[in-house]
Each structure stands twice: as C-alpha cells, then as structure tokens.
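Just below is one structure, and these are the notes that go with it.
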Ligand code: HEM
C-alpha cells in the first residue's frame, strides 16, 4: 500500500512527508529511499539579548526586505501595538508554529532557519519626537536613488533557507499590521541554495566575484565589538545595532565587455579563488604596497578593496549581502544587482567613511549604481514576556 502511494505521489511527496512528519499525512519515508537530508525543520532561536538574522551564520539562502511607512495616526501607543503583534508572530513562525489566526498554517511547518529582524527608520524617531537619533544618510554623487527603494519608517529583514517560508512569514507580518502601515517596498534577495556548495564557501555575487571574504566572523569578540551597541550613549540600544540597505544595480551588459584581467584589477582579487592579486589563497592578506617589475602597484589604488579597506580597526562593518535578479524593464535584458546590507554599531564612524571613499572613487563604480538606500536602527532582542523595542517605547 505504502509503495503504491509513494509511486503515485512521487519522491518529492515522500520528502514532504518527512518534513511534515508531525502532521503525518504521508508518513515518514524510509531512510533508504531518501536521497537528500531534510533541513526545513531547522530553527534559529528567536529570543535572546540580540535580534536574530545578523550573526546567524551562514546567512540563509533567501531574503525579503520590507520597507513600511507608518500611517499619520501612528504614535508611540500604536508602534507598541505593532511591536507586540510582530513579537508574537516571530516567536511562533520562527519555531515552525503557525501565527495566531494564521490562514495558511501548513506553510509554517518548515521554518528552514527563519529569522525576522526588525528595524526602525528615521520616521519612527520623528513619531517619537526624537529625530536626532537616526538621521538618514547624506546624498552621494554616485547615487541615482529611486524613491520606490529609498527610505522607510520600519524594516523587516526576513531570511530563511526556503522561499515559501519567507513569503508566508512576510505575508503574515505585513497583513497583521495593515491598519497602521503601508508597504513602501519589498526587495527579494538570494544566495546559493542550501546544500549547493561545501559549507563555509564564501558567496559569489552576480558579477561572479567572491564577495564577503574580508568580513568579521560572527560569534567572535571582534565581530561583537564592531556590531553590537554597548549602551553607553543610549541604554535602550544595548545589544542593538544599525543596518544600512543599499540597492546597487550592476550593469551586467557593460561588465560583460570587460576581460578577465580587467575585472580582477577593478576589485583587486582573482575571480577563480577570490585571492588578492598579491596572494594565492582567498584568506591571504592583500599587500597594497607590492609593485610589479615596472613599479606599478599589483593591486591598483583605485581597486574596490583598496578603496574600501579600513584606515583603522574601528572603521569596519559586517556585510551580509544578497543578490537580486528581477524582471527587466521592456527593452532591457537584465535588472540585477546587490542588496548591499551592512551591520555596524555606528553608521557615522564605521560605514560613512568607507562609503565616502567609494563615492569619491572606486573602479567598480563604472559597473555599479546605487538605486535605493535606507538606514535602520536595530533594537536589541527580546525574551518571552517582552516585545521588540520595549526599552525604547516602554
Ligand atoms: C570587499 C564587491 C559595494 C564595502 C568587496 C569584495 C568584493 C566586493 C568582490 C572583495 C571580497 C571581500 O572582501 O568581500 C562589491 C560589489 C558592490 C560592493 C559588487 C556593489 C554592487 C560595497 C559598498 C561598501 C563595500 C557599498 C561599503 C560602503 C566593502 C568592504 C570590503 C569589500 C569594506 C572589504 C575590503 C577589504 O578590507 O579588503 N566588495 N562591493 N562594498 N567591500 Fe564591497
């Protein structure tokens, strides 16, 4: 009987049976018949001093970033209401349980390391009459910002290894507060599918580059001091951080015209391994002073890594980027780029000096254009009995 049913349902249905073992619709497939390990049941803790989705490693394969605006009637009381609803939804969905009154409860059964990170844009602090806390970024000469992807009062970063899980979580979180907010933008991003590469492989962006090599490692003291706020200036920000989201279009058609050496010189690293042009391995430290026999720097001073490199240890950020590849406009063949996402304790002293240098000059600028930009304060994490932002609103 089981065999017949399996034949009828096919192997993918058997795999679904394994994920939904609790539901028991199809029963658990024989391990011998299973060809892939099921990872959709894995969860990431939703509670703790810090919000999830930042140090969560490796970054999940799929993400949707949602920018929402507060309706004019929203003040501190309504914001508190939104945060209570979201906290309850996040506590359940990330642990594989349907949200309260979830209209598609079955979709919650595969949390696939779902994390939801909540951020506050400048508008929240205006609503609270504290506009000095989180000012927007200054304008940069390289920017060609589309208002459709710029700014927002609230942000949700929803990440999971499965795109259905992400879509369901976004749907629940947004519809549950729709009387108080409007959606300004949604930006979808992806990295390699879970299991597609050896764990630990640094991701590649759609330009083909290894992207993320020089990044503080989650869980280290170095990462902690660069990312998490210690609450000195604002006690309610202790264990919080900030997020910069820049939507950066990549001109793949002109990038295609550049030969491989040209591509490698523009970044300062080889395409095959991600090693600096002065080294052999991805992990090798770049040597910015090395010159060839004609005295020409091996890594051009205009290369992206030369321009982006910190000038002192405190001027570093944690990048957790995603690719995007959306439908092209009529007459175009691609609409691709990078959802550049960075977390840092202090935007002014860590992110801004780097962005200013890249704005001034960066060889990569010829093929990259920032088309969206937003900044958010990421308040600390929560435990049962509290809600996100309680220290700020409470
Ligand atoms: C490094 C790509 C935008 C900051 C790199 C690397 C690549 C890369 C391939 C070398 C490997 C690595 O260490 O990750 C890109 C692309 C961008 C972009 C394709 C836009 C589409 C930005 C922006 C910033 C930034 C907007 C910050 C404002 C950095 C930093 C490094 C880096 C700090 C490490 C430099 C070092 O110390 O070696 N990027 N990047 N990048 N990027 Fe970018």
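Applying the condition of being out of contact with any helix residue (DSSP H, G or I) (no Cβ under 8 Å at 6 or more places or on another chain) and assigned to a helix (DSSP H, G or I) to segment 243-262 and asking which residue is nearest to the ligand (Cβ to nearest atom) yields 252. Number of residues in segment 209-242 that are assigned to a loop (DSSP other than H, G, I, E, B), over 26 Å from residue 281 (Cβ atoms) and under 17 Å from the mean Cα position of the chain (by Cα) equals 2. With respect to residue 345, is the statement that it is in contact with a helix residue (DSSP H, G or I) (Cβ under 7 Å, 6 or more places away or on another chain), under 23 Å from residue 138 (Cα atoms), modelled with pLDDT of 95 or more and within 9 Å of the ligand (Cβ to nearest atom) true? Answer is no for this residue.
Looking at 303, 290, which is the one that is farther than 24 Å from residue 250 by Cβ, at pLDDT 95 or above and surrounded by 12 or more Cβ atoms within 10 Å (Cβ to Cβ)? Break it down into steps so the answer makes sense when it comes.
Working: 303 fails: farther than 24 Å from residue 250 by Cβ.
So the residue among 303, 290 that is farther than 24 Å from residue 250 by Cβ, at pLDDT 95 or above and surrounded by 12 or more Cβ atoms within 10 Å (Cβ to Cβ) is 290.
Residues are listed down the side, and each one gets a yes or a no for (1) in contact with a helix residue (DSSP H, G or I) (Cβ under 9 Å, 6 or more places away or on another chain); (2) at positive phi; (3) part of a helix (DSSP H, G or I):
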{"residue": "91", "(1), (2), (3)": "no, no, yes"}
{"residue": "96", "(1), (2), (3)": "yes, yes, no"}
{"residue": "100", "(1), (2), (3)": "yes, no, no"}
{"residue": "106", "(1), (2), (3)": "no, no, yes"}
{"residue": "111", "(1), (2), (3)": "yes, no, no"}
{"residue": "117", "(1), (2), (3)": "no, no, no"}
{"residue": "123", "(1), (2), (3)": "no, no, yes"}
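Condition check: within 16 Å of the ligand (Cβ to nearest atom), in contact (Cβ under 8 Å) with a residue 60 or more places away in the chain, more than 30 Å from residue 74 (Cα to Cα) and not in a loop (DSSP other than H, G, I, E, B). Does residue 206 satisfy that?
no
Residues that are surrounded by 16 or more Cβ atoms within 10 Å (Cβ to Cβ) and either closer than 14 Å to residue 50 by Cβ or more than 15 Å from the ligand (Cβ to nearest atom) (or both) within segment 209-224 comprise 218, 223, 224, listed in sequence order.
Criterion applied to 283, 266, 302 was being touching a residue at least 24 places away in the same chain (Cβ under 8 Å) and over 26 Å from the mean Cα position of the chain (by Cα), and the one residue passing it is 302.
Put simply, of 353, 330 the only residue that is within 15 Å of the ligand (Cβ to nearest atom) and out of contact with any helix residue (DSSP H, G or I) (no Cβ under 9 Å at 6 or more places or on another chain) is 353. The residue that is nearest to the ligand (Cβ to nearest atom), among those in segment 177-192 that are part of a loop (DSSP other than H, G, I, E, B) and touching a strand residue (DSSP E or B) at 6+ places or on another chain (Cβ under 9 Å), is 191.
Here residue 290 clears all of (1) more than 13 Å from the ligand (Cβ to nearest atom); (2) without any contact (Cβ under 8 Å) to a residue 12 or more places away in the chain except the condition numbered (2).
The values are calculated or read from the model by the stated rules, or taken from the named source; none is laboratory data. Bear in mind the structure is a predicted one, so any value in this text is a computation, not a measurement. Note: ideal-geometry Cβ built from the backbone for every residue, glycine included; neighbour counts use all protein chains shown.
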